[in-house]
Amino acid sequence: MTKQVLHVGIAQIAPVLGDVEANLQKHLHYIEQAREQGIEVLLFPELSLTGYSLREKTLDVAMPVNHPLLGELAAAAGDMVVSAGFIEEDHAGEFYNAQAMVKNGQLVHAHRKLNLPNYGGLEEAKWYSKGQELEPCEPIAGWPMHTLICADLWNPALPHLAMLDKPALMLAPVNSAADIVSDEFSNPQGWKTNTDFISMTYGVPVLMANSCALEGNSRFWGGSRILDAFGNCLAEAGGEEALISAEVSLKDTREARFQLPTIRDADSRLVMELLAKRVGK
């Protein structure tokens with residue numbers, strides 16, 4: 001029988017830049033805390049195993065999906081779904097900003113970041129390859145999930161495409177520093193607006209996990225949040241390391257999508273025809 005309520009959590013951490021082993025130990029600590037609280041899905045921030053501002057350190061921390069370190073993380077997860085960020089190395093010299101989902105000793109899903117930001121103080125397109133797939137997974141029966149990493153959520157077409165798969169949960173690991181875009185653009189306010197909109201518009205619970213590290217002059221402001229299917233904030237972290245949790249329900253998703261049937265009325269065929277006209281110009 002499908003679980004109607006899911007206990008979800010976010011481990012808001014400050015990764016040590018470039019120190020994968022230290023970061024793994026921090027992950028294991030929070031996984032144990034989450035298990036004690038009965039959390040069933042635990043989300044870590046983007047690049048939680050490596051830190052964000054890697055640049056040339058990318059070569060030192062990149063790993064394939066079958067790396068023993070990810071295996072250790074998967075073993076520690078047990079029957080909990082754990083999602084953590086890392087640099088995936090595929091072919092030699094091909095690196096992806098990726099999020100690994102593990103459970104019961106296995107990698108069950110990996111999402112490669114699709115939208116690599118290259119503006120303000122962000123230059124991911126200089127270091128990483130773009131992901132090319134957007135696939136859901138269902139690590140818990142009746143709870144299909146999608147993962148979008150940080151700037152993926154700032155290309156409105158990507159959350160829309162993900163929501164056409166009708167996920168019951170959206171995982172949004174991010175690395176957001178307060179002034180990394182510009183002095184005028186407020187990342188804390190921007191992320192609140194973004195996640196509120198996605199949750200409310202599509203009737204989906206959203207877990208947004210941010211880092212709270214200090215890397216050089218970049219202060220990652222935390223503020224991780226858990227939203228229900230109506231866009232209500234159920235739990236929110238401050239600016240320090242923390243474990244937050246809440247319960248989300250399929251009942252809320254059912255009611256939210258009945259009241260605002262965005263997915264039902266998406267009219268993908270019309271959108272595809274209109275998009276084809278513009279792409280063909």
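Tell me, what ³J(HN,Hα) does each residue in region 85-96 have, in order and in whole Hz, if you take phi through Karplus 6.51 cos²θ - 1.76 cosθ + 1.60 with θ = phi - 60° and put x for Gly and Pro?
With the stated coefficients, region 85-96 comes to x, 7, 9, 8, 9, 9, 6, 4, x, 10, 10, 10 Hz.
May I ask you to compute the full-extension gain from CYS233 to GLN25, defined as 0.36 nm times their residue separation minus their alpha-carbon distance, rounded to one decimal in nm? Before the final figure, lay out each step's value.
Numbers: separation 208, 0.36 × 208 = 74.88 nm, distance 2.95 nm.
This chain segment gains 71.9 nm when fully extended.
Once Lys and Arg get +1 and Asp and Glu get -1 on their Cβ, which of MET208, TYR52, PRO15 lies farthest toward the positive end of the dipole of the chain?
In the chain, that residue is MET208.
Amide H neighbours of ALA14 under 5 Å, counting only residues 5+ apart in sequence or on other chains, H built in-plane at 1.01 Å?
CYS212
Could you tell me which of rounded, prolate or oblate describes region 163-263, using a ≥ b ≥ c as the square roots of the eigenvalues of the alpha-carbon gyration tensor, with rounded for a/c under 1.5 and, failing that, prolate when a/b is larger than b/c and oblate otherwise? Write out the running numbers ahead of the final one.
On the way: a/c = 2.85, a/b = 1.90, b/c = 1.50.
It is prolate, given that a/c is not under 1.5 and a/b is the larger ratio.
Can you give me the long-range amide H partners of TRP221? Hydrogens built in the peptide plane at 1.01 Å from N, cutoff under 5 Å, separation of 5 or more residues or another chain.
SER176, ALA178
Counting only pairs 8 or more places apart or on different chains, how many lysine pairs in the chain have C-alpha atoms closer than 19 Å?
Qualifying lysine pairs in the chain: 10.
Whose amide H sits under 5 Å from the amide H of ALA235, counting only residues 5 or more places off or on another chain, with H placed in the peptide plane?
Amide H neighbours of ALA235, under 5 Å, 5+ apart: ILE226.
For region 157-218, taking Cα atoms only, what is the radius of gyration to one decimal and the Dmax to the nearest whole Å?
Cα radius of gyration and Dmax of region 157-218 are 13.4, 40 Å respectively.
Please get the size of the charge dipole for the chain, origin at its Cα centre, with Cβ charges of +1 on Lys and Arg and -1 on Asp and Glu, quoted in debye to the nearest 20.
Values: 22 positive and 36 negative charges, 174 e Å.
The dipole magnitude comes to about 840 debye.
Give me the distance between the Cα centres of region 9-57 and region 164-221, rounded to whole Å.
Result: 17 Å between the Cα centres.
Can you compute 3J(HN,Hα) from phi for each residue in region 251-261, using the Karplus curve 6.51 cos²θ - 1.76 cosθ + 1.60 with θ = phi - 60°, rounded to whole Hz and x for Gly and Pro?
Computed from phi, the couplings for region 251-261 are 4, 5, 4, 4, 5, 4, 7, 6, 6, 10, x Hz.
Roughly speaking, what is the stretch gain from VAL65 to GLN132, that is 0.36 nm per residue apart minus the C-alpha to C-alpha distance, in nm to one decimal? It would help to have the intermediate numbers written out before the result.
On the way: separation 67, 0.36 × 67 = 24.12 nm, distance 1.66 nm.
That works out to 22.5 nm of additional length.
Output wanted: per-residue J couplings in Hz (rounded whole) for region 241-248, from phi through Karplus 6.51 cos²θ - 1.76 cosθ + 1.60, θ = phi - 60°, x for Gly and Pro.
Per residue, the Karplus-derived 3J(HN,Hα) values read 4, 6, 10, 10, 8, 6, 9, 10 Hz.
Taking R0 as 45 Å, what's the FRET efficiency between GLN259 and ALA92 from their Cβ-Cβ distance, rounded to 0.05?
For GLN259 and ALA92, the calculated efficiency is 0.30.
Rule-based calculations on the coordinates, nothing more; no lab input. Everything numeric in this text was worked out from a predicted model, so none of it was measured. Counting neighbours? That spans all protein chains shown, and the Cβs are built from the backbone with ideal geometry, glycine included.
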